[in-house]
Amino acid sequence: MKSILLILAFFSLPHGFVLAAEDRPNIIFLFSDDQTIRAAGCYGNKEIVTPHLDKLAADGTRFTNHYNTSSICMASRCCVLTGLYEYRHGCNFDHGDLDRRFFDNSYAVKLRRAGYFTGFAGKIGFVLQGEPFEAFENEFDVWAGGPGQTDYVTAKNKGIAKYADEYPHCSRAYGAWALDFLKAAKGSGRPFCMSISFKAPHLPFTPDPIDMKHYEGKTFTRPANYGVENGRHLSPQVHTSRAATGYREWIEDYDGTVAKYYGLITGVDAALGMIREGLEREGLARNTVIIFTSDNGYNSGSHGFGDKVIPYEEGAKSPLIIYDPRLQKQHASQVSDAITANVDMAATIFALSGVAAPEGIDGKSLLPLLTNPKGQVRDHLPLFNFWGIESAQSMAIVTPGWKYIHWYYGKGMKPTDELFRLSTDGVEMFNTAENTPQAAQLDAMRALYDQELSQIAARVVTEHGYEKYPTLFSRTIPWEQKAPLLKAKTAPSPDKPKKKRNPKGVE
Ligand SMILES: [Ca+2]
């Protein structure tokens, strides 16, 4: 009874109230790179081996509609840290680095200032504008982040190199780093916030050989919408994207590619197992909340696409599991179908810590869903692609049961609307946009789209070339007025590094 009262007291805290240090939970944020939602056993996949993710879901709440509002590494990582949509933080490949003013409002910085002992390991995925990568070292109590994409070879990552003898592949080495972090955090006497951004399962697909025993030489079930023939009904615009023109290994060698992709995820899963064992050993498990998710989905051959970035389900959705041991009996094995987003991670971590979230962030705390999994935290969510070839950029709206995508591009092709009834067509094989019986639904989705577009116009960051999107993505402005914007060059920021950030073209 006492614990229930404490829980009730916790959720009724007034906005901005700071919990006493001894009442604040520890927070672990685990982040894989490019993991699509169905690549975990607890999401119904019987061919992947993820016992620790499955156990985490059995202990906590699993979310089935978790979307990355920008489904690409650099932008999504900034969404997670700041709780802002990409057009508000302004950081993505081809746009610009993250300005210090946004990073200072991230959960990582604000929790440390509120007394949390903080640590970060792995691929942070961006730099601060005009600052060297090393600037991050001053922002965490324990820093083991690496620049760029980091490396699967443990010894090549400065922050975890000392674990290379025992764990030559980086995924378990991050687990070993976490064990040392937990000891240091315990010794600090402060609540802690530990964030690990795994490299896996990002390209180049280089799994730990010990995980390949589960997969080598096997064949794997194709998704229901697998293959190029199941993408012909989709817009001409999306067929110009990198997802359609590259990443052909998902079509030419599906089984071999899946084997390596799953092997990488099994390595991350093993690190999660190491961390949970460490929590028990250190006596920290009962007050440590664990959040597991990924920065974007992966198309994995669905509709014939590879890559991520585009707004279909496989590319935009990732697993999300939240385990709060203080609620164990209440939320064990709960499943929430609510629409959740990468921008919700910061809001949720702020709410857990009792540290006030910055005014006006886009994300919502997901804590109410842990005790009420049938609830919702929003009625719709915008999805953006401001990156890559201009003809495949787009904005979409997701509501419970529906998705609307507007493909604005009009040179040599007609701007296209797509409307999918996700409740019955989760594999997006039937575009109902031109189907008369759905006209009312289409109108409703277009209204939400226009509403989100006006939000961009009102709140867009004034640097890094986002101001053109309210015009470009408009459903009503003629193509002739949009076309000149595609040639417009944005003035480079004076302190923007001259070096090309991503010379190998791998995001
Ligand atoms: Ca990624």
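The values are calculated or read from the model by the stated rules, or taken from the named source; none is laboratory data. Computed from a predicted model, the values in this text were never measured in an experiment. A quick note on method: Cβ atoms are made from the backbone with ideal geometry, for glycine too, and the neighbour counts reach across all protein chains shown. These accessible areas exclude ligands, DNA and RNA; they are computed on the full protein's heavy atoms, side chains included. Shrake-Rupley method; radii C 1.70, N 1.55, O 1.52, S 1.80 Å.
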Residues within region 78-94 that are surrounded by fewer than 24 Cβ atoms within 10 Å (Cβ to Cβ) and either more than 15 Å from GLY465 (Cα to Cα) or within 16 Å of the ligand (Cβ to nearest atom) (or both), tallied: 2
Qualifying positions in region 328-346 - open to solvent by 10 Å² or more (accessible area, probe 1.4 Å) and either part of a strand (DSSP E or B) or touching a residue at least 12 places away in the same chain (Cβ under 8 Å) (or both): GLN328, GLN330, ALA332, SER333, GLN334, VAL335, ASP337
Name the residue, out of ILE210, ILE196, that is open to solvent by 40 Å² or more (accessible area, probe 1.4 Å) and farther than 30 Å from ASN431 by Cβ. ILE210
Would you confirm, using the coordinates I've provided, whether GLU434 is more than 18 Å from THR340 (Cα to Cα), at pLDDT below 95 and of a type outside the set (A, V, I, L, M)? yes
Any residue at all in region 27-34 that is in contact (Cβ under 8 Å) with a residue 12 or more places away in the chain, crowded, with 22+ Cβ neighbours inside 10 Å, of a type in the set (D, E, K, R) and within 16 Å of the ligand (Cβ to nearest atom)? yes
Could you please find all residues in region 215-236 being of a type in the set (D, E, K, R) and touching a residue at least 60 places away in the same chain (Cβ under 8 Å)? LYS218, ARG222, GLU229
Scan (1) among the acidic types (Asp, Glu); (2) more than 20 Å from ARG276 (Cβ to Cβ); (3) in contact (Cβ under 8 Å) with a residue 40 or more places away in the chain for the single condition GLU359 breaks and write down its number. (3)
Residue among PRO382, PRO368 that is open to solvent by less than 20 Å² (accessible area, probe 1.4 Å) and under 22 Å from the mean Cα position of the chain (by Cα): PRO382
Which numbered condition SER197 misses (of (1) more than 21 Å from TYR107 (Cα to Cα); (2) within 16 Å of the ligand (Cβ to nearest atom)): (1)
Mind checking which residues of region 96-125 are within 18 Å of TYR466 (Cα to Cα) and either open to solvent by less than 10 Å² (accessible area, probe 1.4 Å) or within 16 Å of the ligand (Cβ to nearest atom) (or both)? GLY96, ASP97, LEU98
State all residues of region 441-464 that are surrounded by fewer than 18 Cβ atoms within 10 Å (Cβ to Cβ) and more than 20 Å from PRO415 (Cα to Cα); if no residue qualifies, say none. GLN455, ALA457, ALA458, ARG459, THR462, GLU463
Among the residues in region 50-67, are any farther than 17 Å from LEU366 by Cβ, out of contact with any helix residue (DSSP H, G or I) (no Cβ under 6 Å at 6 or more places or on another chain), of a type in the set (A, V, I, L, M) and within 16 Å of the ligand (Cβ to nearest atom)? no
Residues within region 203-228 that are under 30 Å from ASP141 (Cα atoms) and out of contact with any Lys or Arg (no Cβ under 8 Å at 6 or more places or on another chain), tallied: 1
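Table: residues versus (1) of a type outside the set (A, V, I, L, M, F, W, C); (2) under 28 Å from TYR107 (Cα atoms); (3) more than 15 Å from the ligand (Cβ to nearest atom); (4) open to solvent by less than 10 Å² (accessible area, probe 1.4 Å).
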residue	(1), (2), (3), (4)
LEU272	no, yes, yes, yes
LEU279	no, yes, yes, yes
ALA285	no, yes, yes, no
THR293	yes, yes, no, yes
SER300	yes, no, no, yes
GLY306	yes, no, no, yes
TYR312	yes, no, yes, yes
Quick one: ILE322 ticks every box in (1) at positive phi; (2) part of a strand (DSSP E or B); (3) not small (Gly, Ala, Ser) bar one, so which box is it? (1)
Among what's in region 43-60 and is among the acidic types (Asp, Glu) and in contact (Cβ under 8 Å) with a residue 24 or more places away in the chain, pick the residue that is surrounded by the most Cβ atoms within 10 Å (Cβ to Cβ). ASP59
